[in-house]
Each structure stands twice: as C-alpha cells, then as structure tokens.
Amino acid sequence: MINRRRFVQYASLGLGSLNFQSFRGKAEAHKPLVLSTWDAGIEANKAAWQILGSGGYALDAVEAGVRVTEASQNCCVGLGANPDRDGIVTLDACIMDEAGNCGSVAFLERIKHPISVARRVMEKTPHVMLVGEGAQQFAVAEGFPLEKPDLSPDAKRAYENWLKKSEYKPAINRENQGHGPFAPNMLDNGEWNHDTIGMIAIDSKGRLSGSCTTSGMGFKMRGRIGDSPIIGAGLFVDQDAGAAVATGQGEDIIRICGAHTIVEFMRQGMHPEQACKKAMERLLKVKGIEKAKAIQAGFIAINNKGEYGGYALQKGFSFAVCHAADKNFLVNAKPLI
Ligand code: GLY
C-alpha cells in the first residue's frame, strides 16, 4: 500500500504565496524546480534533483527521474505493471524540451525504459512517435535490451484475479475490479491508485522540460493507448508559457487536449494552479458530473517563472515538489468535485 509521506496542505499555501515568491523576482527566475505526479514522485524527484541541483539540463533531469519509477517493480509504471487483458504489459511514454522538440513511443513491449526510447525518437529520427513493433525494433537497434516477457509477481496476481471474471471493465491500474463499467480506481481503503508518472522541471538556466511514462489502464483492450504518449494531451512544454503533465483517465484527458490546454491558459497569464483548475473544469463539462465521479484525473504545471500548481478531479491526487536536496515533499492537490 502507498506509504504516505509528509504532506503539505496545498490549500494552506494559497495562490501567489507558494513559498516561492522569490521566483517572481528576475534575479532568481532560474531557481531549479521539479514536480512529478503521485507519491512515487518523491523517489523520482531525488534522481532528477541530482541533475538539476548541480546546474544540469532539465531534459536530462526529467528523463533520469522517471527512469527510477520505470525500474520499480511495485508501481503501475514500467514492466512490473498491470498487463492488458491478454496478459501483456504494453508501455507508453513521451518527452519534450524547451525548444518544442518531442519524442514518443506507444504500445511498446519488453523494453524497460520507454522514456529513453522516446528521447531517442526525438533526437535520432525525423519523427515524433513510434508505436508497437516498430518502436521495439527501433529500441533494439539503439541498443536497448529486450527483456523477458514475464509479469511481475504483483501483476501476475492481479491478472489472475481479473481473469476469474474476465469482465471488460477497465479502470486505471485498479487491481480490485468489479464496481461497474469504468469503475473508480479507488482502493478499498479510500486511496486512489495511480497509473502514470509525469514530471516537469525548470533548470538553473530557466529551461523547461517534461516527461511522462505509463503502462496505461490495467486490463485494457490490446492496442489501447491513453493520453500519456500523446504530445498535447499527456504532456506539453512551451518555453514562452510553461509546462504541464497529466495523469488519470487518458481518454478524457485526450478529449480536452489536457496538457496543451493548461499551457495555453498559462500563456494567457493564469497562475499554473488556476490553469490546471480551468482545464479540469473543461474535462468535467465534457464528461458530465455523474460519469466524472467514476474517474480520476490530475494535472500539474510550472510556468516559465518557476511558479507551480496542480489540480485534481477528485480528492486523493498528490504530487511531489522538489526545489532542494532537502526540500522534496508531497502536496495534496485541490479537488474539483
Ligand atoms: N493516463 C494514463 C492512461 O490513461 O493511460
């Protein structure tokens, strides 16, 4: 079960006083900062901070950070995660830098670090996105080892449970099925399970970057792809405005082009938290309140001044904020419903 760490009540920080007033001054506009989704973000942020804290590049930081989560065997990201309904783990990831360069992979099997393959797509091909067999072929050609197609013990147990009914009632990486179609991914103890790690960062030179990686919805239809590898939906970065990343029900995040929408709101001058809230309101409007109660979504954002914020559809979404080696903490995002 999720081991909750020290939380900072986001509400108590308040808009415009995010302990980062100094970011507003031009002199400290380039104070590095990294944000990532869910509790697993704490460990991921530590790896990112090793790069950011020593003056490194935001793009390197967001790749290194989420690789920690991809390598973890007890998280809903990477090869240890829940499989699709045919019992196969398929992974999606994308990455984007301050210059609008981006790379993405989707429906990728047997590769431990899809985020690094996404970066190679960005840097070594004329394309943005590779999927399935082609993405795997490219990864192998680039020297990524092809891992054994074994499920992790946790995923195997969850899949075997799911197979007892084999009902197609997908919920985002929820192991405890059976509460109706597109059931909430709320665990029996009231916690929300998480499905994705998204990370955004600003470095000491003020450069923004972002990354996003996931195994997607547990027991999904074979071939299903969510928002996470879709540039503009799961992740978007624009140096003139800010960076945003999404987690949660991918289909609904795609419907509102979540991350891009948030960045455009920041471009209009909204604070990152307001921008995330406004995008979440749009998601709620499109989904409708009754259906929205059955899903979760979370957004986080940083603007190019280093101000940050997040917003959730429902209670239970946390994100990790790190701005120093000893300042890495979880924040409870405000919920819309
Ligand atoms: N947000 C991850 C997914 O829906 O696949």
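Here are some notes:
Rundown of residues vs (1) within 16 Å of the ligand (Cβ to nearest atom); (2) outside any loop (DSSP other than H, G, I, E, B); (3) of a type in the set (S, T, N, Q); (4) open to solvent by 10 Å² or more (accessible area, probe 1.4 Å), yes/no style:
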residue: 31; (1), (2), (3), (4): no, no, no, yes
residue: 34; (1), (2), (3), (4): no, yes, no, no
residue: 42; (1), (2), (3), (4): no, yes, no, no
residue: 45; (1), (2), (3), (4): no, yes, yes, no
residue: 54; (1), (2), (3), (4): no, no, yes, yes
residue: 73; (1), (2), (3), (4): no, no, yes, yes
residue: 84; (1), (2), (3), (4): yes, no, no, no
residue: 116; (1), (2), (3), (4): no, yes, yes, no
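- Some residue of segment 265-278 being outside any strand (DSSP E or B), within 12 Å of the ligand (Cβ to nearest atom) and either closer than 21 Å to residue 67 by Cβ or open to solvent by 10 Å² or more (accessible area, probe 1.4 Å) (or both): no
- Test result for residue 296, in contact with a Leu (Cβ under 7 Å, 6 or more places away or on another chain), closer than 16 Å to residue 37 by Cα and not aliphatic (A, V, I, L, M): yes
- Among the residues making up segment 201-221, those that are more than 14 Å from the ligand (Cβ to nearest atom) and open to solvent by 10 Å² or more (accessible area, probe 1.4 Å) are 204, 205, 207.
- Complete set of residues in segment 146-157 that are touching a helix residue (DSSP H, G or I) at 6+ places or on another chain (Cβ under 9 Å) and either within 24 Å of residue 119 (Cβ to Cβ) or modelled with pLDDT of 90 or more (or both): 146, 151
- Number of positions in segment 283-298 that are over 19 Å from the mean Cα position of the chain (by Cα) and either more than 11 Å from residue 337 (Cβ to Cβ) or aliphatic (A, V, I, L, M) (or both): 8
- Tally, over segment 234-249, of residues that are within 13 Å of the ligand (Cβ to nearest atom), out of contact with any Phe, Trp or Tyr (no Cβ under 9 Å at 6 or more places or on another chain) and among the hydrophobic types (A, V, I, L, M, F, W, C): 1
- Hits in segment 242-264 (condition: surrounded by fewer than 24 Cβ atoms within 10 Å (Cβ to Cβ) and outside any helix (DSSP H, G or I)): 256, 257
- Qualifying residue in segment 287-301 (condition: surrounded by fewer than 24 Cβ atoms within 10 Å (Cβ to Cβ) and touching a strand residue (DSSP E or B) at 6+ places or on another chain (Cβ under 6 Å)): no
- Every residue from segment 305-333 that is over 19 Å from residue 44 (Cα atoms) and either open to solvent by 10 Å² or more (accessible area, probe 1.4 Å) or out of contact with any helix residue (DSSP H, G or I) (no Cβ under 8 Å at 6 or more places or on another chain) (or both): 305, 307, 311, 314, 315, 316
- In segment 281-304, the residues that are β-branched (Val, Ile, Thr) form Cβ pairs under 7 Å with partners that are in a loop (DSSP other than H, G, I, E, B) and buried (at least 20 other Cβ atoms within 10 Å of the Cβ), at six or more places apart or across chains, as follows: 286/256; 295/249; 295/313.
The values are calculated or read from the model by the stated rules, or taken from the named source; none is laboratory data. These numbers come from a predicted model, not from an experiment. Here the Cβ is made from the backbone with ideal geometry for all residues, glycine too, and neighbour counts use every protein chain on show. The protein model used for the area step is the full one, side chains on, heavy atoms only, and it has no ligands, DNA or RNA in it. Shrake-Rupley method; radii C 1.70, N 1.55, O 1.52, S 1.80 Å.
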